[in-house]
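Structure, as structure tokens:
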Amino acid sequence: MTDSDIWWSFKSSPLTVTAAVATILIVAIAFLSPVLAPHTPFDPATLSLSDGLKPPVLISPDGDWTFPLGTDDQGRDILSSIMYGTRLSLVVAIASVAVAMTIGIALGLISGYFGGAVDAVIMRIADVQLTFPAILVALLIDGVVRTLISVQRHDEIALFVIVGAIGLSFWVQYARTVRGSVLVEKNKEYVQAAKVIGLSPLVIMVRHVLPNVTGPVLVIATINLGLAVITEATLSFLGVGLPSTQPSLGTLIRLGNDVLQSGDWWITVFPGATLAALVLAVNLLGDWLRDALNPKLR
């Protein structure tokens, strides 16, 4: 499929265009949060307990337009918290997908190209990991780290721990997909010609084979981006992800859930709606990309 065909497929789908606009808007607002956010919600010097638990302005005459979506029990602006939290969730998701792609592509190339015992070992490890849900793998990795270092030290490196945990739980899909593509590509004439002229296996895999297996990888990466956001939010909601001092969307939902029964629903609902909108938009883009790059639909 040519670039013009992909563009036509994109613009002819109103749902895909809407998803793309929503994704771009959410990402832009999130990463520009230090400039766009009306408050700095996690700077203790800017908070006042007298501003706590103010309702959204559109549902209550007691609302304050300074805090359009209301505040939490600490007086933090919900709108600003969502903007900062979305940015952190996206950073974790993007970094996790990058880690998973790097590991999966590397192991998939090695497994498919060399075959034999190397292929068997890598694929059996992948098969074992597939028997466990990604969230359990991430919980296991995070739990192991917590037993090895102190709580204070863990909070300091929590971002890196959660990125590594999610990345290590998602690499299998990339490895299996790349391996299957490499098994097809390595028997083609251009690979045989590269071997004849004396190129090393590393050069052949990276320069010649890898560019021809990137299509399926891009589809998996797009879909996994949404899954990584959900996984991070789940871990943070369970209290084993990012700490309260590094508020992701999952952390905000967990903090709001603690006061949900008192009727302060906006603290949980608005971050939850943002999380749902982001994941839905990214998944719709992933579904479109999968169909656009599927040779059976060309």
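Annotations for the structure displayed:
- Failed item in (1) touching a helix residue (DSSP H, G or I) at 6+ places or on another chain (Cβ under 9 Å); (2) at pLDDT 85 or above; (3) closer than 26 Å to Ile110 by Cβ, with Ala277 passing the rest: (3)
- One residue alone among Ser80, Ser33 is touching a His at 6+ places or on another chain (Cβ under 7 Å), within 22 Å of Thr268 (Cβ to Cβ) and touching a residue at least 24 places away in the same chain (Cβ under 8 Å), and that residue is Ser80.
- So Pro61, is it part of a loop (DSSP other than H, G, I, E, B) and under 30 Å from Ala228 (Cα atoms): no
- Selected residue [free of Cβ contacts under 8 Å to residues at least 12 places away in the same chain and either on the phi < 0 side of the Ramachandran plot or touching a helix residue (DSSP H, G or I) at 6+ places or on another chain (Cβ under 6 Å) (or both)] from Val172, Val145, Val121: Val121
- Ile94 fulfils the conditions (1) closer than 25 Å to Asn224 by Cα; (2) without any contact (Cβ under 8 Å) to a residue 24 or more places away in the chain; (3) open to solvent by 50 Å² or more (accessible area, probe 1.4 Å) except for a single criterion, (2).
- Scanning the stretch 113-159 for residues that are in a loop (DSSP other than H, G, I, E, B) and closer than 25 Å to Gly226 by Cα, we see that the one that is most open to solvent (accessible area, probe 1.4 Å) is Phe132.
- Output for the stretch 271-296, where each listed residue is over 15 Å from Thr23 (Cβ atoms) and either open to solvent by less than 50 Å² (accessible area, probe 1.4 Å) or outside any helix (DSSP H, G or I) (or both): Pro271, Gly272, Ala292, Leu293, Asn294
- Residue match in the stretch 230-242 (condition: without any contact (Cβ under 8 Å) to a residue 24 or more places away in the chain, of a type in the set (Gly, Ala, Ser), open to solvent by 40 Å² or more (accessible area, probe 1.4 Å) and assigned to a loop (DSSP other than H, G, I, E, B)): yes
- Qualifying residue in the stretch 54-63 (condition: surrounded by 17 or more Cβ atoms within 10 Å (Cβ to Cβ), free of Cβ contacts under 8 Å to residues at least 40 places away in the same chain and within 16 Å of Gly256 (Cβ to Cβ)): yes
- Members of the stretch 18-53 that are exposed (fewer than 15 other Cβ atoms within 10 Å of the Cβ) and farther than 17 Å from Gly70 by Cβ: Thr18, Val21, Ile24, Leu25, Ala28, Leu32, Pro34, Val35, Leu36, Asp43, Pro44, Ala45
The values are calculated or read from the model by the stated rules, or taken from the named source; none is laboratory data. None of the values given here were measured: they were computed from a predicted structure. Here the Cβ is made from the backbone with ideal geometry for all residues, glycine too, and neighbour counts use every protein chain on show. These area figures cover heavy atoms from the full protein model, side chains too; ligands, DNA and RNA do not enter into them. Shrake-Rupley method; radii C 1.70, N 1.55, O 1.52, S 1.80 Å.
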